[in-house]
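Taking it in order: structure first as structure tokens, then the write-up.
Laboratory data are not the source of any read-out in this text; all were calculated from the coordinates shown. Keep in mind that this is a model prediction, so the values were computed, not measured. Ideal geometry is used to build each Cβ from the backbone, glycine not excepted, and the neighbour counts take in all protein chains shown.
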Amino acid sequence: MAAKLRKGDKVVVLAGKDKGKQGEITSVLPKDNKAVVEGVNTAIRHTRQTQTSQGGRVAKAMPIDLSNLALIDANGKATRVGFRVEDGKKVRFAKTTGEAI
């Protein structure tokens with residue numbers, strides 16, 4: 001199945017504690033059906049001090065389920081993603097505006 005959301009896409013969170021927050025996808029985990037979004041679903045991780053880095057509490061973005069994310073279209077609103085063939089290539093398009101992504 002083709003990926004509706006990819007690395008670099010601007011998305012909005014639809015459900016959960018971070019509902020309404022926006023961010024950019026930094027990585028996608030297709031096997032787990034999850035994605036890591038910058039600044040969303042953060043957890044505090046404690047790191048040990050080493051010779052090269054200072055230790056302490058570090059906020060780390062954790063994976064969030066793809067079903068709780070929606071792509072942001074050109075108007076800045078959440079949209080679903082569809083597929084169509086243009087010039088022999090399969091492209092993603094925003095269902096609200098019909099524009100290719």
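Which listed residue (GLY8, VAL36, THR50) has the Cα farthest towards the positive end of the charge dipole for the chain, taking +1 on Lys and Arg C-beta and -1 on Asp and Glu C-beta about the Cα centre? Of the options given, the answer is THR50. Rank GLY16, GLY55, GLY39 by mean-square fluctuation in a GNM of the chain with C-alpha springs under 10 angstrom and give only the top-ranked residue. The residue with the greatest mean-square fluctuation here is GLY55.
Per Stokes-Einstein, at 37 °C and 0.692 mPa s, what whole-number D in µm² s⁻¹ belongs to segment 12-101, with the Kirkwood radius over Cα pairs as the hydrodynamic radius?
On the way: Rh = 15.2 Å.
Roughly 215 µm²/s, to the nearest whole number.
A cut-off of 5 Å between modelled amide H atoms, ignoring neighbours fewer than 5 places along the same chain, links LYS34 with LEU29, LEU66. With θ taken as phi - 60° and the Karplus curve 6.51 cos²θ - 1.76 cosθ + 1.60 applied, the whole-hertz 3J(HN,Hα) list for segment 77-83 is 10, 5, 9, 8, 10, x, 10 Hz, x standing for glycine and proline.
Dimensions of segment 59-101 along the principal axes, based on C-alpha atoms and rounded to the nearest Å, stand at 44, 22, 16, largest first. If R0 equals 22 Å, the separation of the Cβ atoms of GLN54 and LEU29 corresponds to a calculated FRET efficiency of about 0.15. Within the same chain, aspartates and glutamates fewer than 8 places from LYS17 are excluded, and of the rest, those with a Cα less than 19 Å from its Cα are GLU38, ASP65. One decimal place: the segment ILE101-HIS46 gains 15.9 nm when fully extended, by the rule 0.36 nm per residue minus the C-alpha distance. Could you pull out the pairs from LYS21/LYS95; LYS7/LYS95; LYS21/LYS89 whose alpha carbons sit more than 27 Å apart here? Violating the 27 Å Cα-Cα cut-off are LYS21/LYS89.
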